[in-house]
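A quick write-up on the structure given underneath.
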Amino acid sequence: MSYELIAGVDLGSNSFRLQVGRIVGDRIHPLDTLKEPVRLGAGLTREKILDHASQQRAIDALRRFGERLRSFAPETVRAVTTDAMRVARNSHLVLPLAEAALGFPIELIGGREEARLIFIGASNALPVAGHRRLVVDIGGGSTEFIIGENTVPLMMESLFMGCISYRQRYFPEGRVDKKRMYAAEVAAAREIEAIAVDYRRLGWHEAVGSSGSAQEITDILEANGLNPAGVTGISREGLGKLRQLLVQAGSAEALGLEGMRGDRVAILPGVVAIMCAVFSEMEIEHMTYSDGALPLGVLYDLLGRFEHHDTRDQTVVQFMRRYQADEEQIIRVERTALTLLGQLIKLDAPENENDAHFLRWATSLHEIGVSVAHAEAHKHGAYILTHADMPGFSKRDQARLALLVLGQRGKLQKLASMPAGDPNWRLVFCLRLAVLLHRSREDQPWPNLVVREMPIGFQIELPSEWLDANPMTAAALDEEAMRWRRIGIRLRLKTLVDQPPPAIEPARKPL
């Protein structure tokens, strides 16, 4: 399926951005950009609760974005939210309201996934280069550091420091003096110190700033001639002059320099403090600016999914290798699980494509917990999938994978909170049955197995002669039916007169 227009939405801690792009070959041409200064991070209370005012600003902005996206198909829009939602204790209540206002799902992504997308966006907006780049993105609540080549990130970190959080902590009334600026710089330097040695060891040829913070400093330095003659972007000398002028003025409001933007004046002291620490700890003399950042990175990542270069597939392969998953067993389980799912839904229907992907990923990852311990390996695997950095996957995606891996065997009460009719029940059923049938970990001829979905559960149809010849599997199926019954879902085992087994498709290699 091909599309001409796609859209990316970034719910940042300071601003919300919507970027619409046209796909031309393997490139994206930006067509339209909307920006709303929501200041979501400023609405976080000391208890890490998003207050009502910030929620309302977010909802209003997303309604406007939703109007612009009204004609877009669901698969052509990807919306992500970052630090403010990551730390907000009531994000589980705010996100459904935000999704309703926007009209599309919103993914809560982790810091390293944010860093990966930022690098993709920044590098795609710059000329192709054969050297390594360091990309630094100072956001409202976090700052991302990425070293990469071309569009491939090699090292990524997200540090818990941002221009909004620093304003609240060090410049609460907008006042700037030497003591406050020094304290903010020292705090930022301590955060950066933890990664600086490894980053300098890997090295880079060009430092790049992205997003509004780098753009603001660049604009101010260039508009007021603070850089050395002929130098564009951000120089160490120009940054030092801006810092000095800001301290002398006593506040950003009193600075009165060209290039200052009204919606960002309040957070300028935090931006300057963090950028000064970045230059010092990373030993940077000059930084260029890229106008590509998270929204553009989201668009290119979405384009990759259309062209079957899904980062999530690559991540799953890497996890299989890292945790030394048994590929032969994965092939067995995946083939059977997808065959079963294909009897319950049409796998090639667009509305079912996502379910098929998640079942395939879950089968590929269902035994990674064995690397920790054979005992309760499904629990170890679920823990890994919940807490690991998984490029391409949102936190919600990871939670879904963890749920499937956790539910592959054992008692089902751990999933009882999942509502009736949730499509994950179907995937859990297929994965559990496939794991059960392949317990011997051997290739063997299969009976004519049929599964059906009923209003109150599932039905398994198997030849009676095969069940008689495989009493251990028959007993395991009876026990499985009992486990489903204990959570109020019926699993009926129906025996049939034996029939010749259907042809089994040859197993494909996993991911």
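Results, tabulated for the structure shown:
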{"item": "Any hit, the stretch 414-425, residues being among the acidic types (D, E) and either within 36 Å of the chain's Cα centre (by Cα) or part of a loop (DSSP other than H, G, I, E, B) (or both)", "result": "yes"}
{"item": "Exclusive hit being modelled with pLDDT under 95 and among the β-branched types (V, I, T), set V271, V278, V247, V231", "result": "V231"}
{"item": "All positions within the stretch 310-338 that are out of contact with any His (no Cβ under 9 Å at 6 or more places or on another chain) and within 21 Å of V9 (Cα to Cα)", "result": "T311"}
{"item": "Residues of the stretch 362-376 satisfying the condition of being outside any helix (DSSP H, G or I) and either surrounded by fewer than 23 Cβ atoms within 10 Å (Cβ to Cβ) or in contact (Cβ under 8 Å) with a residue 60 or more places away in the chain (or both)", "result": "H366, V372, A373, H374, A375, E376"}
{"item": "L268 vs. criteria closer than 30 Å to S394 by Cα and either in contact with a helix residue (DSSP H, G or I) (Cβ under 7 Å, 6 or more places away or on another chain) or surrounded by 18 or more Cβ atoms within 10 Å (Cβ to Cβ) (or both)", "result": "no"}
{"item": "Helices (runs of 4 or more DSSP H) within the stretch 45-145 that include 1 or more residues buried (at least 17 other Cβ atoms within 10 Å of the Cβ) and either in contact with a Ser or Thr (Cβ under 6 Å, 6 or more places away or on another chain) or in the same structural domain as F160 (by TED's automatic domain parsing) (or both)", "result": "83-87, 111-124"}
{"item": "Unmet requirement for N354, which otherwise passes all of (1) within 23 Å of I118 (Cα to Cα); (2) modelled with pLDDT under 95", "result": "(1)"}
{"item": "Residues of the stretch 423-451 satisfying the condition of being surrounded by 22 or more Cβ atoms within 10 Å (Cβ to Cβ) and small (G, A, S)", "result": "A434"}
{"item": "The stretch 165-179, residues that are buried (at least 19 other Cβ atoms within 10 Å of the Cβ) and either part of a strand (DSSP E or B) or touching a Lys or Arg at 6+ places or on another chain (Cβ under 7 Å) (or both)", "result": "Y170, F171"}
{"item": "All positions within the stretch 409-448 that are polar (S, T, N, Q) and closer than 11 Å to L359 by Cα", "result": "N424"}
{"item": "Contacts under 6 angstrom Cβ, first residue in the stretch 21-35 being closer than 10 Å to Y300 by Cβ, partner at pLDDT 90 or above and outside any strand (DSSP E or B), 6 or more apart", "result": "G21/L299; I28/L299"}
{"item": "Subset of the stretch 295-326 [closer than 14 Å to I28 by Cα and of a type in the set (A, V, I, L, M)]", "result": "L296, V298, L299, L302, L303"}
{"item": "Any hit, the stretch 340-361, residues being crowded, with 22+ Cβ neighbours inside 10 Å, within 30 Å of L154 (Cα to Cα) and not β-branched (V, I, T)", "result": "yes"}
{"item": "Selected residue (criterion: farthest from Q215 (Cα to Cα)) from residues of the stretch 250-263 that are free of Cβ contacts under 8 Å to residues at least 60 places away in the same chain and surrounded by 17 or more Cβ atoms within 10 Å (Cβ to Cβ)", "result": "L255"}
{"item": "Test set (1) closer than 30 Å to H308 by Cα; (2) surrounded by 13 or more Cβ atoms within 10 Å (Cβ to Cβ); (3) of a type outside the set (D, E) - H387 fails condition number", "result": "(2)"}
{"item": "Complete set of residues in the stretch 186-217 that are more than 28 Å from the chain's Cα centre (by Cα) and crowded, with 21+ Cβ neighbours inside 10 Å", "result": "I217"}
{"item": "All positions within the stretch 377-422 that are more than 19 Å from E113 (Cβ to Cβ), of a type in the set (K, R) and touching a residue at least 12 places away in the same chain (Cβ under 8 Å)", "result": "K379, R409, K411"}
{"item": "The one condition in (1) surrounded by 12 or more Cβ atoms within 10 Å (Cβ to Cβ); (2) out of contact with any Lys or Arg (no Cβ under 8 Å at 6 or more places or on another chain); (3) under 20 Å from I330 (Cα atoms) that A469 fails to fulfil", "result": "(3)"}
{"item": "Residue within the stretch 49-64 that is of a type outside the set (S, T, Y) and at positive phi present", "result": "no"}
{"item": "Which listed residue, of A84, A129, A122, is of a type in the set (A, V, I, L, M) and more than 22 Å from R264 (Cα to Cα)", "result": "A129"}
{"item": "One residue from T311, T315, T336 being of a type in the set (V, I, T) and more than 28 Å from R409 (Cβ to Cβ)", "result": "T311"}
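Here is a yes/no grid of residues against (1) small (G, A, S); (2) at pLDDT 95 or above:
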| site | (1), (2) |
| --- | --- |
| G12 | yes, no |
| P30 | no, no |
| V38 | no, no |
| K48 | no, no |
| A100 | yes, yes |
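The values are calculated or read from the model by the stated rules, or taken from the named source; none is laboratory data. Please read all numbers here as calculations on a predicted model, not as lab measurements. Every residue, glycine among them, receives a Cβ derived from its backbone with ideal geometry; neighbour counts consider all protein chains shown.
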